[in-house]
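Notes follow once the structure below has been shown.
The values are calculated or read from the model by the stated rules, or taken from the named source; none is laboratory data. From a predicted model like this one, the values you see are computed outputs, not experimental measurements. All Cβ positions, even for glycine, are placed from backbone atoms using ideal geometry, and neighbour counts span all protein chains on display. SASA here: full protein model, heavy atoms, side chains in, ligands and nucleic acids out. Shrake-Rupley method; radii C 1.70, N 1.55, O 1.52, S 1.80 Å.
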Amino acid sequence: MSMHTGMTRRLALAAGFGAMMAAAPALAQGEIKLGAVLSVTGPASFLGDPEKRTLEMEVEALNAQGGLLGRKVRLIVYDDAGDANAARTFATRLLEEDKVTAMIGGSTTGTTLAMVPAFEDAQVPFISLAGAIQIIQPVKKWVFKTPHTDTMACEKIFEDMKKRGTTKIGMISGTDGFGKSMRDQCVGVAGKYGIEILHEESYGPRDTDMTPQLTNIKNKAGVQAVINPGFGQGPAIVTRNYRQLGITVPLYQSHGVASKQFIDLAGPAAEGVRLPAAALLVADKLPDNDPQKKVVVQYTADYTKKTGQPVSTFGGHAYDGFHIWKQAVERAKTDNPAKVRDEIEKTKGYVGTGGVVNMSPTDHMGLDLSAFRMLEIRNGDWTLVQ
Amino acid sequence: MPELLQFAFSGLTVGAVYALVALGFTLIYNASDVVNFAQGEFVMLGGMITVFLHLAGLPIPVAAFAAIVITVLVGLALYAFAIDLARGSGAVQIIIITIGASIFLRGVAQVIFDKRFHALPAWFGSDPIRIGGAAILPQSLVVLAGAALIVALIFLIIDRTILGRAILATATNRLAARLVGIPVRRIVALSFALSAAIGAVAGLLVTPITLTSYDVGTLMALKGFAAAMLGGMGSAPGAIVGGVLLGLAESFGAGLISSKYKDAIAFLIILFTLFVRPQGLFGKKSTERV
Amino acid sequence: MERLLRNRWALVLALALVLAALPLVFPSNYYFRVAALVNIFALAAIGLNLLMGYAGQVSLGHAGFMGIGAYAVAIGASRFGLNGAVAMLAGAAIAGLLAFLVGRPILRLKGHYLAVATLGLGLLISMALTNEAGWTGGPDGMAVPRLELFGTRLRGPDTWYMITAGALVLGVILALNLIESPTGRAMRAIHDSEIAARVVGVDVAAYKLKIFVISAVYASIAGSLMAFLNGHITPDGTAGFLRSVELVTMVVLGGLGSVLGAIVGAAMLVILPQALTIFHEYEHLLLGLIIMASMILLPRGVIPSLLARLRGGGA
């Protein structure tokens, strides 16, 4: 019997591993292998889904033009469903089995931080698509990121408030990674702008009604404006509840509201909402002399045509990551991970959807506050606030 | 106190949805002892199918009706191709089958639909009605009225029809019910159909307020299950009261104590209720047969 | 054959041999990592199976105890400068103590009521880990310092495969001994009929509590090992509700009341998502189908159902 039980286990394992072996592709010579672990499903799927579609679209376009350095690029995408443990396993799989020479991904800060040790150990460049500042501070040799940090979003909002003489605010944030991280950063820099947070509330990532929290903010005397750090459907519901309660002070959303879909979901309630956002959202409204105009108009047209969905800045982060990597490979004339890493770090003047990127050995993101535009929603559309 | 009234409105709206999910749990449980963790997916299907048929050009009432019919078919299929095949399995094993079904339905939804959030227009606009300093959306009243109507219908069916008697008999003693000639399997299938319909209606009523996406079902199932337990498993009035109480506990917890820990507060209330009444608020005290 | 099956040492020996032989065929560290995860989840599932399969008590919040074990090593090492191994033991003690304290009131509940109470317990733990960011780093999680033993820093999936394999074998031995002990017999009596057990003088509440504490310790150790293996942990990844559901699914899929079943169930749920990636967006749909089909075709779980079939066919 012991033989039998042993065999059952071995068979089960062999079957599983066999299937994995089948999944692992034969080593095709000459291909450049690019890995991506993204949260395509799960609670962060509205990040991972456009990121995946963008990468697939860009790789397809690149290969149609003859590839990179005369070699085809093969994109290997795994879905971590937002689970940090799964992300780490897929990271190991990309490195050990698929032998990728670079990776773009990590949709959330949690999955990114879980994968960082794997890429640092393997010495393979890793361009993250997540927001939090911990990803690049302190600087990690092999890790870069394309989105603006949440600190920058807070600063942009506080700058606008200061201009309007707002000093006392309320805050309602999501308890997911994005909302929590931005909330902490905002609390951290508020003092610098002379802004006092009078009242704070939070909501769960899947909550469907925030009127109790907003009622408390409404009843707090002296609140001149409200910030809502959060992403997903939360900000849309907060915005609807905000109008339902008839709160009249300005509402600031964050860069987590990253697609036209927010306006569709929040409906008329979105009117008057202000937010910091990348130029991508207002592609058609940028002046012609704006350096980003060409790239954001092009990407918007391509993505909308390919997917039939509106662009989101999350897909834009993947676009930027892909092109920063692509240009680094072109400059390095090889996909050797160490050389590509050095070239990514030397990225200067790359004009992308998120802004103009100037990296350095001490700055693995390379964006400054000018990358953010202040937008206001008027008549169901974005307008640039001057 | 206008803010207390506001918390109550919020809790009632959210609670009504929990109540409908809990009622779905209860109907199936009564007929078959099955705890159906795919109940939340019925809510998702009701909302998502309506959204996508509407996007495809159907007027909303037609899309909504079609969504209910399709969800009912899904419920029947779940019974015929999974639960019925596992007759005689233990309760825990069947729960795992329904968990598998919920993963499967989510997987199908993400392929057929998409992974984004969607809204439906509110039935009577989105201008809030102001009562005593608090504001309530017309759609919340629709949800409350809809929930009340469904509950009334279910009680009417169970109390006043032969079908209802058959359901009650099946719930009380399946073997005896079979012996007196009640088609037990058909009754169980019917309970799946009814639960699916209730879930779908809940989904399409509430989507204008809460938005929907392919994966809203998990949380619905979790909250609905908790509500059913709070009320007492197998008790329809318990499901309603449990759902509403859970909704109120969350909104008052968020409003008065801490929004960070409002779900914790709700579960602490459930825990303490169960410590005092281990069979839930309306549950019958079970005695174990030796 | 029947007799060999009952011989627990044969099972342990076979398991140890397989675990020792696997590295010979593993082509890369990726396989070591996946196998280490199987070991870790198997350990947690064995503990949960003692509770569910033998004592007949369900827990829908067991990942909460995994979370305690995981965060104990992360916080213990980074905030209190504890050695990782010491922190792991401390975590197990905390998990056991918590189970002891809440076990008595919670285990008075039966069936689905117990399920919802344990669900609440797990939710409270994961909520605390998410919200108390000052200690835990919040929803994005925190880094776990590498374990240092006798002056060497333990790293790499191959090392952790060996350690987790050792822990698994130890866990299996302890579980089998427990099952064969008077406690185990009392547990099975409780499972069959609580009243009958009480009538013949079994202190039902005390035994249930004991198993609850033991299963919490298993989960906590598994959580600590996962933290060491990953080097970074998040509340959802260790203590989330879905993780709890996953543990229960492992136990029931593999077979209630079968130690080997818990290992097979863990292997299935860890390896399937890896194998199914070739189907891209259809992977979740297929995972759901496989779980349903497996439960319908092998209603008592993979191992007990297959054994019953073998026995029936061979006799």
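Details
- Residues that are part of a helix (DSSP H, G or I), open to solvent by 10 Å² or more (accessible area, probe 1.4 Å) and more than 7 Å from chain B (Cβ to nearest Cβ) within segment A:189-235 comprise A:Val189, A:Gly191, A:Lys192, A:Tyr193, A:Lys218, listed in sequence order.
- Filter pass, C:Leu260 being under 13 Å from the mean Cα position of the chain (by Cα) and either modelled with pLDDT of 95 or more or within 22 Å of C:Ala44 (Cβ to Cβ) (or both): yes
- Enumerated helices (runs of 4 or more DSSP H) restricted to segment C:213-315, each holding at least 2 residues that are closer than 26 Å to C:Phe100 by Cα and within 14 Å of chain B (Cβ to nearest Cβ): C:235-239, C:241-254
- One residue alone among A:Leu38, A:Leu34, A:Leu47 is more than 30 Å from C:Phe241 (Cα to Cα) and either buried (at least 24 other Cβ atoms within 10 Å of the Cβ) or among the hydrophobic types (A, V, I, L, M, F, W, C) (or both), and that residue is A:Leu34.
- Put simply, of C:Ile125, C:Ile68 the only residue that is touching a residue at least 12 places away in the same chain (Cβ under 8 Å), crowded, with 18+ Cβ neighbours inside 10 Å, within 14 Å of chain B (Cβ to nearest Cβ) and not small (Gly, Ala, Ser) is C:Ile125.
- Of the residues making up segment B:58-113, those that are under 21 Å from C:Ser305 (Cβ atoms) and touching a residue at least 40 places away in the same chain (Cβ under 8 Å) are B:Ile83, B:Asp84, B:Ala91, B:Ile94, B:Ile95, B:Thr98, B:Ile99, B:Ala101.
- On the stretch given as segment C:205-230, residues that are closer than 19 Å to C:Val259 by Cβ and either among the aromatic types (Phe, Trp, Tyr) or open to solvent by 10 Å² or more (accessible area, probe 1.4 Å) (or both) total 8.
- Scanning segment C:21-43 for residues that are open to solvent by 10 Å² or more (accessible area, probe 1.4 Å) and at the interface with another protein chain (Cβ under 10 Å from one of its Cβ atoms), we see that the one that is nearest to the chain's Cα centre (by Cα) is C:Phe32.
- Any hit, segment A:105-113, residues being on the phi > 0 side of the Ramachandran plot, open to solvent by less than 30 Å² (accessible area, probe 1.4 Å), touching a residue at least 24 places away in the same chain (Cβ under 8 Å) and more than 9 Å from chain C (Cβ to nearest Cβ): yes
- Residues that are in contact (Cβ under 8 Å) with a residue 12 or more places away in the chain and of a type in the set (Gly, Ala, Ser), drawn from segment A:166-196: A:Gly170, A:Ser173, A:Gly174, A:Gly177, A:Gly179, A:Ser181, A:Gly188, A:Ala190, A:Gly194
- Considering residues of segment B:172-206 that are of a type in the set (S, T, N, Q) and surrounded by fewer than 22 Cβ atoms within 10 Å (Cβ to Cβ) only, the residue farthest from B:Phe124 (Cα to Cα): B:Asn173
- Those helices (runs of 4 or more DSSP H) lying entirely in segment A:277-348 with at least 1 residues within 12 Å of A:Ala102 (Cβ to Cβ), open to solvent by 20 Å² or more (accessible area, probe 1.4 Å) and assigned by TED's automatic domain parsing to the domain that holds A:Thr108: A:313-332, A:337-345
- Near pairs, Cβ below 7 angstrom, 6+ apart or cross-chain, from segment B:233-259 (at negative phi) to any residue that is of a type in the set (Lys, Arg) and crowded, with 24+ Cβ neighbours inside 10 Å: B:Leu246/B:Lys223; B:Glu250/B:Lys262; B:Gly253/B:Lys262; B:Ala254/B:Lys262
- Residues (modelled with pLDDT of 95 or more and farther than 17 Å from B:Ala254 by Cα) located in segment A:168-182: A:Lys168, A:Ile169
- Counting the residues of segment A:332-351 that are touching a residue at least 60 places away in the same chain (Cβ under 8 Å) and out of contact with any strand residue (DSSP E or B) (no Cβ under 9 Å at 6 or more places or on another chain) gives 4.
- Every residue from segment A:130-161 that is assigned to a loop (DSSP other than H, G, I, E, B), over 13 Å from A:His255 (Cβ atoms) and in contact (Cβ under 8 Å) with a residue 12 or more places away in the chain: A:Ile136, A:Val139, A:Lys140, A:Lys141, A:Trp142
- A residue that is more than 18 Å from the chain's Cα centre (by Cα), at pLDDT 95 or above and among the small types (Gly, Ala, Ser) occurs somewhere in segment A:333-344.
- Condition check for A:Gly82: modelled with pLDDT under 95 and at the interface with chain C (Cβ under 8 Å from one of its Cβ atoms): yes
- Criterion (open to solvent by less than 20 Å² (accessible area, probe 1.4 Å), among the acidic types (Asp, Glu) and part of a helix (DSSP H, G or I)) met by exactly one of B:Glu3, B:Glu41: B:Glu41
- Taking (1) part of a helix (DSSP H, G or I); (2) surrounded by fewer than 20 Cβ atoms within 10 Å (Cβ to Cβ); (3) in contact with a helix residue (DSSP H, G or I) (Cβ under 8 Å, 6 or more places away or on another chain) in turn, C:Val202 satisfies each apart from (1).
- Filter pass, A:Val238 being under 21 Å from C:Pro139 (Cβ atoms), open to solvent by less than 10 Å² (accessible area, probe 1.4 Å) and either part of a helix (DSSP H, G or I) or within 11 Å of chain B (Cβ to nearest Cβ) (or both): yes
- Only one of B:Leu281, B:Leu268, B:Leu245, B:Leu219 that is open to solvent by 10 Å² or more (accessible area, probe 1.4 Å) and at pLDDT 95 or above: B:Leu245
- With respect to the conditions (1) in a helix (DSSP H, G or I); (2) farther than 30 Å from B:Ile270 by Cα, C:Asn49 falls short on a single one, namely (2).
- For A:Leu68: the one exception among (1) closer than 22 Å to C:Gln274 by Cβ; (2) in contact with a strand residue (DSSP E or B) (Cβ under 6 Å, 6 or more places away or on another chain): (1)
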